[in-house]
Each structure stands twice: as C-alpha cells, then as structure tokens.
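What follows is a set of notes on a single structure, which appears directly below.
Every number in this text was worked out from the coordinates using simple rules, so none of it is lab data. Every value quoted in this text rests on a predicted model; they were computed, and no experiment measured them. Cβ atoms come from the backbone with ideal geometry, glycine included; neighbour counts cover every protein chain shown.
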Amino acid sequence: TVKRKPGIQQARMQLPVCAEEQTIMEAINNNAVVIICGETGSGKTTQVPQFLYEAGYSHPDSDNPGLIGITQPRRVAAVSMSKRVAMELGLTEHEVSYQIRYDATVSPKTRVKFMTDGVLLRELAQDFLLTKYSAIVIDEAHERSLNTDILIGVVSRVLRLRAELSKEDQEKVKVNDDDNGDTFWLIGWEVPLRVIIMSATLRVSDFTLNKTLFDKPPPVLKVDARQYPVSVHFNKRTPDIDHVTEAFKKIRKIHTRLPAGGILVFLTGQNEISVLCKKLRKKFPPLSPKASARQRAVEKEKEALEEKKEVVTAKNAEVEAEDLELGEGEIDKNVDLEDFDFDEDTEDEEGFTDEEEEQEPDAPLHVLPLYSLLPTAAQLRVFDDPPPGTRLCVVATNVAETSLTIPGVKYVVDCGKVKERRYDSTTGVQSFEIGWTSKASADQRAGRAGRTGPGHCYRLFSSAVFDNEFEQFSTPEINRMPIEGVVLSMKSMNIDTVTNFPFPTPPEREHMAKAERHFRFDLCPPSTSPLCHITQLLAYLGAIDSDTKRVTELGRTMAMFPLSPRFSKMLLIGQQHDCLPYVIAIVSALSVGDPFIKDYHLDDARPGDSDDGGSDNEDVARREVKEIRREEVAEKERRKLARRMYYKVQTKHAGLDPTSDILKLLNVVGAYEFAGATEKFCEDNFLRPKAMDEIHKLRGQLTNLITTNLPGVDVLVDPRMCPPTPIQLRALRQILAAGFIDSVALRADLASAGAAGKGRKFKSTRGVPYRVMWSDEDAYIHPGSVLYHDSPPEMVVYQEVFKASRVWLKGE
Ligand code: ADP
Ligand code: MG
C-alpha cells in the first residue's frame, strides 16, 4: 500500500484521470493493449503508472513482478516525470527511476522506470520479449515520432510472441536481469505483458484500425478534459522580423498591462530561447525590490544551474530535432531588441483592451528557459512556485506542448513554428527545418493557457496564415524521412524483419518509389520488395553484415545522420581521411541537386536567367519582320557566345580534377563561398541561385549535426574552405567510390570475356558503350559530363542513370 502526503493526495483527486482509475485498471486487466486518450494535464503520465503500481504490478511477489516501463519521446519528460512520480508515491529515485541517453537512476530496486523510447528500443535488441517488464506504457503516442511508431510496431510483435510462447511452454523460465547479474526473476510466459498506449488527442485510428498491428482493435478509454475557455488572439499581420523579437514585444505587453498569471512562450530551439531569456532578464528584474540579499543570492545560484553544459559523448546518441542548432538563418542575433520603439507599436491591440490594469512598469518577471539539453535541475525549476511578487514566464520548446504541464499558466505566446525533420520526396533532400506547426499542435499550445482558469493565447501570426498555411495535423515522422533512413534506423535497433513490419502508418508509396529510383534495385531478383533492395545496398555500404543481415558498428553510426546512408558513409570516411569539410560540401551539393543551368537550357536562357524564359512571345509577334530577322541574328550570336562562356565556366570548375563531375561541384561550392555567395557569381557561372543557397544552408546544418554528434570532431563552421590538397583529392575520389560502390560501370570492350577490343584507342567518349552492374543494356557517358569530351576511362563511378533513347551515365 502507498501512503501519500495529504497535499499530494488532494491534488491527485482533482485530476480527471483519477476518477477513471477503476475503469482503466479493469480495461488493462482484461486486455493486452489499452489506449487512453486524455487532454494534456488530465494526469495520464503521472497517474497511470501509479495505478499500475498500486494494482500490484512490479511487486516481486505478485502475479506481475516485472517492471512498469513508461516511454517518452523526450528526455526532459522522462526525467521530470520520474521525479514527480517518485515524489507522489513517496519512493526514492532508485525505485522510481529514469534512463535516458546520458544518464540513469535505475537500480536493482527499480520498480517504475521512465525512459525515452530510444532506450526501450535498444533494450529490445537485447531482450526481444521484454522479459523484465510486466507493463509498458507508451506515452505521447499522438506525437507520432519515428521511435514511437516503431516501438508500437515491435511491441505488437512482442505481445504475439509472448502469447504463443505461453501456449507452447507453460514452464517457468529463468531470466537473467542484465542490469544486475545476480538477481534472477522467475517469469512464466503465461504472465502476459500489458501495453498501454497514451495519447493527448483522439486521433488514434492508425493504431486501432490497423489489422497488421493488433488483430482485435484495442479498447479506447477517453478521459474527460477539464479545460477552461481560452481566447485566441491572432496577430493582424505575420511579422517579417523574426519571431523572437515579436515574442519579446508580446511578453512585454502582457507583463506590463495584464493581470497576474504565468506566461508560457513557445519557440523552436535552445538558441532562440537563450536569446529571449537574456533579453527579458535584462529588461525586467527577476525579484521584487523587497527581496532580501539572501533571496537574491539564491536566485543567482539557481540561474547558474543553466550554465552547466551537457556533454554529448554517447555513440548511440538520440538526436531530438530541437537539440539541433541550425546555424545561420535561424535567428538574427544582430537584432537588438532595444532598438525597437515599442510604444509606437499600436498595430495589434487585440486581447489587451478588456482587462487593462496597469502594472508597475518594472514589475519582476521570473524568466525560465525549458529545452531538452538544459541541465535537469534547471528544467525542474518550471514546476516550482515563482518567488513571491513575481510573474512566471517559461520560454520553452515543443516539450511544453503536451509532455509537461507547467502550473499556473494563464497566457500562452505561440510563435507557431516548430523545428523538425523534413523530407522532400521529389529531391530526396532531408533536413531539419523550422516551419509552421500544424493546426492541431497550435490548438494544443493554446490549451496550455486554460489549465487553471480562463486564459489567453497570443499567436504571433495572422489568422490567414493559420488558415492557409498550417496543415490540419502534423505528419508522422516516418513520412518525413526517406525509407532507406527508416530501414537503417530499424536495422540499428536490430529489427531484422523490416519487410513485413507492422508500421502504424506504413511508409508512403511515393517514398518507396523514390527509394526505388535512388538505388539500383536489380541487385535483387526483380520480384522482391524495395525493402530487400535497400537491405542489399546497406550490405554493400558495410552498414549491415551481408551474412547475418545485422547492423554493423559503422551502420550504427551511419544511422545517426539524417541522410541517405551512402552520404552518411561518405561523411564517416571523410572524417577518417581529414576531408570532412569537402565531403560535407559534396554531400550537400549532391543532396540539393545539380546547381548548373543545364547546357541544353541555354537555348532559352541567357546567362544568369534561371528557368523563367519565354513569356514575351506575344511582343515578338507584334514586331516587324525585319526587326525579327535582326533579332534572330543577334539572338543566334548571343546563344553562341553564351554557349562558349558556359563551356569555359565548366572547364574552369573542372580544374580541380578534369575527370570528375562531383569534384567540379565541390569547386563550384568553394568558389561561390569565396566570392561571397553572391547572385552575381551565380549569374556569371550559370548557376541557379536558389540551389546554391540551399547547398550553403545544408552545409551549415550538416556541419552542426556532425560537430554535435561525432565525439571529438571539430569541423570548421566557416563556410569558406581552402582548396583540397592533392592527397585530399585522391582521398575524395576514393570516398566517392565507396559511397557509390553499387554504381560502377566498366567500358564494354573491357567487360566482355576475351576482350577483343582491348587496347583500342578512342578519340572521344561519343558512342563508347559501358556496362553497368545491373543491366545488360549499354550505357553511354552523358554529354553534360566533364568526361564527355575526353577519352573514355576504363571505369566510371556514376551518380545517375538516365533512361532515354540511350542510357546515359552521369557522374565521376
Ligand atoms: P498528462 O500526462 O495527462 O498531460 P500529467 O500527469 O503530466 O498529465 O500532469 C498532471 C498534473 O500534474 C498537471 O496538472 C501538472 O501540473 C502536475 N504536475 C506534473 N508534474 C509536476 C511537477 N513536477 N510538479 C508539480 N506539478 C506537476
Ligand atoms: Mg503526459
């Protein structure tokens, strides 16, 4: 039995989920899988584990002696929720523990364990039957992170397997608890595993109606919301300055003009949050003027908690999107907030007229940051009462959207943005970007203002933007990444049965098709599924062992990058050979695609024109014939000139290595940065400015990603780089060959046995056939390749094959 403190008991009884304790436990006892939906703050995360605990789960001498495991998509939530539940139950952190990538409080005494879903997935690799657990709670399932989706899929298999085994073998089986070699638990397979899926929204049909997941639709229990009305105020205009500045203005207004009540601000990442907190702290004192010297000292000390840096060392790091700093473009650090004349700002007064009640202009504001990499002790401060006489202001990432409920919030300021993985299925480019969140998410954020009483939500964007540019719901992460990345991630979790894996939402067909084009699928018999081909490629790249089909150490590291596996591989070897900045530039350029205006586009584009020619046809028609003639001649001349210039530019950029299209790209990227990344440079060099800009941005992102994830690697973030040395050039060519290991073509005369034509001399590559690895058709070097005008090499590494009247090879 549990003895809770009276205050705690009283607070619990207020939570809607506690009114449903009996219904919930009955459903759990009678069903292998139960889904619980309830508004954020209804008590799911803190209370459901306690229901299980009180019902005997995790008690060594009960029928369900295994642990109670609760997974969270975010580390912050795993840590703070375990502390809260330990406190409510009156247990130690060794009994109610957490485990995240950096650290853990688990012990042999642990009964309730909070962890990130990544941690449980790794445990599954060692112990596929989850024998340590009697109940698994998968929390925040509505977020649809890749890990959560995979976890739900795996767990559905675990349930099936445990059920089958219990039929086959009723004997008790000895199980070794690997956290502590000398405890042995006796767990019979007839002891079922209970799975509870929890969601803050009612959108759970992907779980309930998916027959490959659960044969019998699991029951869905709805917990009533206890929500006060929230008035939503849109900005009249969506500001063109950055949202951090806009948030500052709004907070300032709320704080100086509206009645008491906490403010919760949603931003996208650590960088923005730090900037805003600093500005707010500069503007408003943290404590009331009456505060004693001691109180001030305590406050200083607590603020210092924020400074401790989390050190990323783990090889098997879990990257949360919000951890990544995107570098340039994310926020204009030069914006000096003091420069804005706030008092002249009368543009948007909505929500400020009704309850005006001037505060003293320099009332204290208790500003707290909240993001995933913030030291735990600093994170937990958001749950403490703010010092007397101050107003709480929490500046948070998405973690405060549904994972954590911050008490006392009356005002929400929402920038409307989120940092997340994006994937463009037409270009295959994957990146982390800041973009608009979904309508559903924005409504969740607004809801945070109505927990303790009626509240207000200030949206830093217009209702038109909300209506027209926000998606209804966020796309599950699995559909925001390339399928080969999903496969490698799963392989790195030792999930081998990828082909028929029960995904809650299977990867989209178009992504499959894209992957199919990306890889040389004829590596496998034609009838096999795309997933088999991907497996084959991963084996070629050394990411998985070709015999066991298990992930290798290299593959595990490759899985950390949000990139196509062949690019991850190139980056990793690049690091070993002191070529990392170059490989990053190459990978960025290859991901974005050829930035050159295609040679055959020159006919309708003058140098520098991007692809928007041909709208002045009508004018031409109206001109006199004579003039047309003159125009035609001039036009012809111009084209000739443009063509000549175009080839000159191509030759110039091929200077690093005249036999490589990809090193030509590297040269272009380097030259562009040296020239100051200008439009003029693009114009003079027949480049698409947008593509060059994207390459530039992607380089920044990749550089950041690698510095945060590969221990001991320090890449210069400076976009300018010196040209590679001859040794580096050689290494680069080898790296490219390793990345495109499945894309090698051999000159046909050398490929056929007996090789009649061996030693033949060729004047040019024109009409010289090549053999690719996967087809009997001949292929030819593309006229756009630097190789086209030279004598044909014996072997070519290619990047793309175009199927036309002829099969073209384009690449190295
Ligand atoms: P849900 O999971 O349904 O969103 P929670 O169980 O997280 O709900 O939260 C229930 C209540 O417990 C909320 O009102 C929240 O404010 C409170 N709570 C949670 N963690 C803490 C904490 N560390 N300190 C104080 N209150 C907390
Ligand atoms: Mg919760």
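Extension gain for residue 293-residue 550 works out to 86.4 nm (0.36 nm per residue, less the C-alpha to C-alpha distance). The C-alpha radius of gyration of segment 14-156, expressed as a fraction of 2.2 N^0.38 Å, stands at 0.96. Put simply, segment 27-79 fits an ellipsoid with semi-axes of 21, 15, 10 Å; these come from the alpha carbon gyration tensor as the roots of five times its eigenvalues, largest first.
In this structure, residue 256 and residue 87 have a Cβ-Cβ separation that, at R0 = 35 Å, corresponds to a calculated FRET efficiency of about 0.45.
Oblate is the label for segment 447-491. Its Cα gyration tensor axes, ordered a ≥ b ≥ c, give a/c of at least 1.5 and b/c at or above a/b. State, as an integer percentage, the relative contact order of segment 21-150 based on alpha-carbon contacts under 8 Å between residues 6 or more apart. The normalised contact order for segment 21-150 reaches 25 percent. Distance between the 7 Å Cα→Cβ label points at residue 727 and residue 13: 7.6 nm. Per residue, the Cα convex hull of segment 372-487 amounts to 127 Å³. Rounded, prolate or oblate: pick one for segment 1-45, where a ≥ b ≥ c are the square roots of the eigenvalues of its C-alpha gyration tensor, a/c under 1.5 means rounded, and failing that, prolate if a/b is larger than b/c, else oblate. Oblate, because a/c is 1.5 or more while a/b does not exceed b/c. Between the beta carbons of residue 164 and residue 222, assuming R0 = 25 Å, the FRET efficiency works out to 0.20 to the nearest 0.05. If you take the beta carbon distance between residue 640 and residue 237 as r and set R0 to 51 Å, what does 1/(1 + (r/R0)^6) give as a FRET efficiency, to the nearest 0.05? The formula returns an efficiency of 0.55 here.
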